[in-house]
Amino acid sequence: MTVLTLTRGLAALVLVVLLAGGARAEGSIYEELGAAYGQIAQDAPAAAARLGELVARYDAEGVQDPFLLSDIYLALVLAHHAAGQASAALARLDEAGARQPMLTKRIPEMAYLRGEILSGFGLFLQASVAYEQAADFMEMSGWSARFDDAARARMRLFEVHAKARASWVADGGKRVTEAEALLGPLAPMIAQPGGAVLRVLPLRMREYRGDLLTAREGYMAQAAGSDSRAGLLALAALADWRLGRRAFARKEAEAALADGGLGPKRRALMEAVVLLTEEGVPELEALAPLIETFRPAPGADYQHADMVDLLELMAMLVEVVAQVPEGERPAVAALQVPEALLDFETMAQDGYGRRLISGVRLDLARMLEAEGQHDAARAHYQAVRLRADVTLSELAAALGGLSRVGLDAPHDRPDAVSGLAYSAAQVARGQVEAVPSRLGAEARRQLEAYATLFEGGVDALYDQMEARPPIGPMGAPHVEGFDQKGPYVFPWRETDGYVPLDAGDYWRDRLDEAFGMMQSARQSAAGRAIEAMTARLAAGGGEVGRLLRDRDAVLARREALVARGPVGQAEVAAVDAELDRIEAALAEAAPEWKSSAAPEPLGLEEARDLLGENEALLVQLQTARGFHVFIVTPEAVVWQRRAVTEEEVSGGVRELRRALDPSGPQRSAVALKAAEDAPTAFNPATAHDLHRAALGAAVGFVPEGAVIFAVPDGAFQALPLGVLVAKPAGDGAAWGEIDWAIRHHAFATLPLPASLRALRREAGVSAGALPFLGIADPAFGADIAGLQLARLPESVGEVEALNQAVAGGAGEVVTGAAAREAEMGGAIRLGAARVLAFATHGLLGGEAAGLSEPALALAAPGAGFDGLLSASEIAVLDLDADWVLLSACNTALGPGGEGAEGLSGLARAFLYAGARRLLVSHWAVDSLATVELTTGMFEAMAEAEPGPGAGARALRRVMLEMIDSPARARYAHPAAWGPFVTVGG
């Protein structure tokens, strides 16, 4: 049942009571009127016919009683309205208004009913005027005695709701605030049966404004124990669908259907939600009976609510089909979307309906664009863009589409098309920034949804730079005449031949925007883990640190409850109250805490100031137009786009990974293969091609030996940059003779550019009492999660060597049966360790029975423990570690392989738990090489100046020693020296 239907039912009940109370049981006409009143609830069409005859009789008998005629007309209009005869009701209202003498007695009620009827036709702007008139009349002296404060407040609520439905206005939420303020006076009416629906109207107004999350959560909260539960669940399902949360939408639709109480149209809509959330390409035939439900009966009045529900259904269908891979989805023509349904004029006074039409047209445009029908796609994009009340998200999508298909192809100017892409990205950034910090999951979803727009914005800014290139020094390899041709170099201060960034705002602003859009296009879970970790560590072990950890835990619980749909919603209110309490305590103890809860993207000047001498920040971004390399150093900003596709990059990375990791997903206890085996298949030419894409000529502006803090994108997340080849290798060149990228620079991985801020300014150093803790060679049970795991005796030597290198043997090494899960954080003092090392099997989610997330295998399980330290269990540990070493295979790589989330779930969990920096491996390597790399790194750090990047510098030094050692030529192969990367420095 829709809100409008519920409101009408409530109104009808109130008016019947009102009118029945006002009728006088004297004389035959009065008696007939009283009988007709009573008939409306049982048989409205018959009552309407009876009352129509009564008007004729009144005229025929020459009765002169305007008050009586007012009652008759109002009853007649109400009967037609209750019978679904809206046109007849409106005609009778007009007829009553033309009577002489004027029928003044029921003017307030007549105005109210006019508003209801016009709302039913979708004429919300006109309806708002009628409601406003009704409220005004109710306050006038001639009628005020008949109406209490609640009745007048109800008219004002209907008025502001109708205005909000008619059109979106950038009023800062004033209308919603006004509507919510009216709920106080309405409390007596809300308490009556059916009256709770009035509380829904402010939520609907939030939905019209695009605040779907708040509206959705309000629907769910009100659904608990409500007599309108099914209708509220249906509203929540539609909101979740538009939020992109289809699993939630399905749960709510199923609950609404099971609850009953939905009208046939809304029931068909919920059945469509269930059908469209099934896997695979939707079956159009299965939807046909549901669509047929909306066909109006012959001669029936137009029902705007039914049209909107049909539009909702078609919007969902088109959206689902649009997301089917090309080659599998039906053509646009097969959807048979009625043209009338796409006409904005049909929703001229319904802003909500216009937004639905925009959604359908944008999805159709994307499909038509993919089919090569650019003219048809352009028409849809333009229609949405030119809508007077287009929303920011719609505008972003329309501008992005027009930047691809053009405004007037083939006559478009390149700068105009680039400008559209840039505008789309700017609008999208504004949308993302508006998401409240508590709703982090929604912010992430918005970022993912807008990633393509941000990529287009970056390309547009690069196009502008190519069209109007900055000047550079004559004779430089990247300069023709006086114009730079890429890479584009922008020194911070005056340098011969260049325009410095401190000379003006134009280029600095453009580069800052591009840098911000690159960050918006890629948000990683590992980066969020670092932000959460550093915020807690910066607060120390006191009250603020405890509150931040508590807030993180409650937020995680809240997201889990929301994911459960209607079942979990009952607990969300309690969790929100707990969050309110924690955030109030944080606001009192540390007013600045919100800046760390929702950190801003790193700015260019901030990045420069965070970097030390001989350091650089590298950000990569793969777009449809090419591969971007963006470098910030204390001396300059360098930007280059290479015309290389995502497929070319991922293909090259896969080729190199097969050569580097022929053994597959094992722990590191594998010897390197003989020279004639798979590692020799490593192709230096491919590694050089990838170097040109990943680093290009831009890296030439980074000083030799500098530490490059790299934020890799796409497939480069699966490959350490150090194994790329800087210059082509000659035929037959030995591994030690190749010009590896690691020869020129040290590389440290960052999940996000903003991680640099977090690690530099906030993380501090460990105060742990234990200098080293190593866990190795656990005595695995005979069967852990359905797996037979081999012991790893060689790993004991690894951690003992690390203990010696890190702590002079003063640390602790836990092995065999003692390495039990039950002791983690207890007898095994994880929280006290400054350096923590795990040398055991790493398991991927889905690799073992019942294992849905990655985990480290520990000793045979005991009571209540499964012998696996899972990512979620790691995340709740209270660590204070400067370094965590994970020498298990693929602790660096995300779950989807190349191009997936940049760090594995295990690595993210350790960052979240309090690890400042990580040493993780991309592939399996033998134990001797692992010992040399890890112990050598810490020995080199002990000999060098401490500070940011020290780990990356130390690791580079050890790698070069392995590459250049003639006595151990087999270690010159990148499979031996290349697997480890530092995260954070």
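The values are calculated or read from the model by the stated rules, or taken from the named source; none is laboratory data. Computed from a predicted structure; not experimentally measured. Cβ coordinates were reconstructed from backbone atoms using ideal geometry, including for glycine residues, and neighbour counts include every protein chain displayed. Each accessible area value is taken on the protein alone, full model and side chains, heavy atoms only, with ligands, DNA and RNA left out. Shrake-Rupley method; radii C 1.70, N 1.55, O 1.52, S 1.80 Å.
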## Note on the structure
Within the range 51-85, the residues whose backbone N lies under 14 Å from a label point placed 7 Å from the Cα of ALA91 along the Cα-to-Cβ direction are 52-53, 77, 80-81, 85
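How many Å² of accessible area per residue for the range 604-749, probe 1.4 Å?
Numbers: 5360 Å² over 146 residues.
For the range 604-749, the solvent-accessible area averages 37 Å² per residue.
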### Task
Extending each Cα 7 Å along its Cβ direction at ALA181 and GLU605, get the distance between those two points in nm, one decimal.
4.1 nm
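Given a 1.4 Å probe and heavy atoms of the protein chains only, how would you sort SER226, SER921, largest accessible area at the top?
Values: SER226 30, SER921 5 Å².
If we order SER226, SER921 from most to least accessible, we get SER226, SER921.
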### Query
Which residues in the range 331-363 have a backbone N closer than 20 Å to a point placed 7 Å from the Cα of GLU371 along the Cα-to-Cβ line?
331-344, 357-363
### Query
So how much accessible area does PHE709 have, in Å² to the nearest 10, using a 1.4 Å probe?
0 Å²
## Note on the structure
Residue by residue through the range 387-393, the couplings from Karplus 6.51 cos²θ - 1.76 cosθ + 1.60 with θ = phi - 60°, in Hz, x for Gly and Pro, are 5, 4, 10, 4, 7, 5, 5
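Keeping every protein chain in place, order LYS163, LYS727 by accessible area at 1.4 Å, biggest value first, i.e. largest first.
Numbers: LYS163 60, LYS727 125 Å².
From most accessible down to least: LYS727, LYS163.
Would you mind getting me the FRET efficiency between ALA643 and VAL281? Use the beta-carbon distance for r and R0 = 22 Å, nearest 0.05. Don't skip to the end; give the middle numbers.
Details: r = 34 Å, r/R0 = 1.56.
Efficiency for this residue pair is about 0.05.
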### Karplus-derived 3J(HN,Hα), 6.51/-1.76/1.60, for each residue of the range 936-945, Hz, glycine and proline x
x, 4, 6, 5, 5, 5, 5, 8, 9, 5
### Message
Quick query: amide H of THR623 versus all other amide H atoms, modeled in the peptide plane; which residues come in under 5 Å with a sequence gap of 5 or more or a different chain?
### Response
HIS628
### Query
Residue by residue, what Karplus-based ³J(HN,Hα) values in Hz, rounded to whole numbers, does the range 313-329 have, using 6.51, -1.76 and 1.60 with θ = phi - 60° and x for Gly and Pro?
4, 5, 4, 5, 4, 5, 4, 5, 5, 4, 8, 6, x, 4, x, 10, 8
#### Entry: Sites matching GluC sites (Glu not before Pro) across the range 456-518 that sit in DSSP coil, with at most 11 neighbouring C-beta atoms within 10 Å
GLU494
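Please work out how much length the chain gains when fully extended from GLU655 to ALA942, using 0.36 nm per residue of separation minus the C-alpha to C-alpha distance, in nm with one decimal.
On the way: separation 287, 0.36 × 287 = 103.32 nm, distance 3.68 nm.
That works out to 99.6 nm of additional length.
Whenever you get a sec, line up ILE828, ILE107 from highest to lowest accessible area (probe 1.4 Å, protein heavy atoms). Before the final figure, lay out the partial values.
Details: ILE828 10, ILE107 35 Å².
Result, largest first: ILE107, ILE828.
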### Message
If amide hydrogens are placed 1.01 Å from N in the peptide plane, which non-local residues have theirs closer than 5 Å to the one on VAL637?
### Response
PHE490, TRP492
### Query
Around ALA837, which amide H atoms from residues at least 5 apart in sequence, or from another chain, sit under 5 Å from its own amide H, with H modelled in the peptide plane?
LEU773, GLY774, ILE775, LEU885
